[in-house]
1. L257 fails exactly one of the following numbered conditions: (1) open to solvent by 30 Å² or more (accessible area, probe 1.4 Å); (2) more than 18 Å from L327 (Cβ to Cβ). What is the number of that condition?
2. Go through (1) over 23 Å from R341 (Cα atoms); (2) at pLDDT below 95 for K28 and report which single condition fails.
3. Would you point out the residue of segment 63-104, among those that are in contact with a Gly (Cβ under 7 Å, 6 or more places away or on another chain) and within 25 Å of S166 (Cβ to Cβ), that is least open to solvent (accessible area, probe 1.4 Å)?
4. Could you run through segment 326-357 and say how many residues are of a type in the set (A, V, I, L, M, F, W, C), in contact (Cβ under 8 Å) with a residue 40 or more places away in the chain and either part of a strand (DSSP E or B) or under 25 Å from R265 (Cα atoms) (or both)?
5. Here's a check for you: in segment 127-146, which residue that is among the hydrophobic types (A, V, I, L, M, F, W, C) and part of a loop (DSSP other than H, G, I, E, B) is farthest from the chain's Cα centre (by Cα)?
6. Being in a loop (DSSP other than H, G, I, E, B) and open to solvent by 50 Å² or more (accessible area, probe 1.4 Å) is the requirement here; does S323 meet it?
7. Which of the residues that make up segment 187-224 are crowded, with 16+ Cβ neighbours inside 10 Å, closer than 20 Å to A288 by Cα and among the hydroxyl-bearing types (S, T, Y)?
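The values are calculated or read from the model by the stated rules, or taken from the named source; none is laboratory data. All values reported here derive from a predicted model rather than from experimental measurement. Note: ideal-geometry Cβ built from the backbone for every residue, glycine included; neighbour counts use all protein chains shown. With ligands, DNA and RNA removed, areas are computed over all heavy atoms of the protein, side chains included. Shrake-Rupley method; radii C 1.70, N 1.55, O 1.52, S 1.80 Å.
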Amino acid sequence: MIPPFQALVTCPAGFEFRCVEELEDILKEQDPYAEAEPTYFKGVVVVRSDLEPEEIVEMVKEADTDWVAKIVPIHRTVRADLDVMKRTATILARRKLDENTSFAVRCRKRGQPPFGQREVEVKVGAAVQEATGAPVDLENPDYYVWIEVLQDTAGISVVPPDLIVSKEVKRVRKWSPGMRPISRAQLKLRELVKRHPYIVREGSDVIDLGAAPGGWSYELARRVEPGTVYAVDPGDLHPKVLELDNVVHLKKRAEELTENDIEGRIRLVTSDLNRIHTEATEITLSVADEFLEPGGFIVQTVKLAVDPSTGEYAAPDVETAVSEVELEYERRGYEILAIERLKRNTPNERTLVARKV
């Protein structure tokens with residue numbers, strides 16, 4: 001499930017991180033700890049804050065925004081189960097509805113939960129009407145019982161129509177011509193280097209594990225030139241990466257690297273492998289053991305991923321996965337310097353920075 005949130009925002013797909021920055025800039029005046037986060041659904045961002053949901057909506061409504069398309073307040077976040085949603089909606093509705101107050105149920109469903117939008121609207125509507133005696137008015141209700149389903153998570157609110165706010169998206173071009181990044185991963189590394197500039201040094205060599213399509217390799221090559229980036233991945237690299245003279249594509253799996261592939265010692269190993277966290281850590285540290293110079297650095301994306309052998313997540317949550325990775329690094333004699341939750345990380349990712357002692 002997605003952790004509880006107080007508002008759901010939609011924006012154009014591909015502009016989620018711009019929307020996140022915009023929302024946090026607006027809300028920090030009243031709540032410096034407010035945060036917005038992309039979900040695993042394109043164009044959907046959730047907001048967490050100590051402010052009331054209605055306050056969040058009003059602040060965003062009044063602000064001059066570029067990326068917000070719609071914002072909905074959320075009073076309760078629950079498991080996306082029909083019985084749970086009926087019970088929660090009924091509890092919320094009793095606080096605001098009576099026989100003189102009309103309502104309508106609206107459901108927006110994303111993902112593949114075992115029910116349809118219309119089914120939710122009908123069953124929740126019947127439960128709310130029975131509990132409150134409020135009449136249903138589908139055309140001009142006094143309140144909406146609003147339900148946003150994100151696969152296994154449902155955000156529910158009971159609000160007047162004017163608190164479901166749609167806005168004009170003013171900007172539609174995200175990147176200037178020729179400036180579009182190769183992948184989201186490139187932006188992730190760029191953000192990390194701003195926080196930890198010491199990990200990249202001009203003239204040093206780098207091994208980039210799980211490199212394809214090449215976002216990290218491209219970003220690193222510009223920063224370490226004339227040093228070499230060894231991009232390790234059996235997949236193809238983007239043509240822009242292959243054009244760089246200081247990128248060597250080793251078209252093989254990371255665990256297949258040998259001493260014949262790499263010239264000399266390496267100052268930095270980066271790893272964005274699409275493996276469960278335990279496998280990715282074992283591979284990354286094995287490469288670092290063999291090729292990384294003492295005092296050199298490792299950057300690894302720790303991912304809460306599904307174990308293909310079981311069909312279940314490889315850990316209960318991303319924090320547990322991170323803890324298990326930290327223990328392995330320490331056991332192998334590496335110093336953990338930082339565990340970052342970058343804006344470009346997904347909710348199930350963290351970025352680890354470590355040093356070889």
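1. Unmet condition: (1).
2. Among (1) over 23 Å from R341 (Cα atoms); (2) at pLDDT below 95, the lone unmet condition for K28 is (1).
3. Of everything passing the filter in segment 63-104, I74 is least open to solvent (accessible area, probe 1.4 Å).
4. Adding up the residues that qualify gives 6.
5. A134
6. For S323, the condition - in a loop (DSSP other than H, G, I, E, B) and open to solvent by 50 Å² or more (accessible area, probe 1.4 Å) - is not met.
7. Hits for segment 187-224 are S204, S217.
Results for (1) touching a residue at least 60 places away in the same chain (Cβ under 8 Å); (2) more than 22 Å from L342 (Cβ to Cβ), shown as yes or no for each residue.
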residue	(1), (2)
G235	no, yes
N246	no, yes
L268	yes, no
V287	yes, yes
L292	yes, yes
K303	no, no
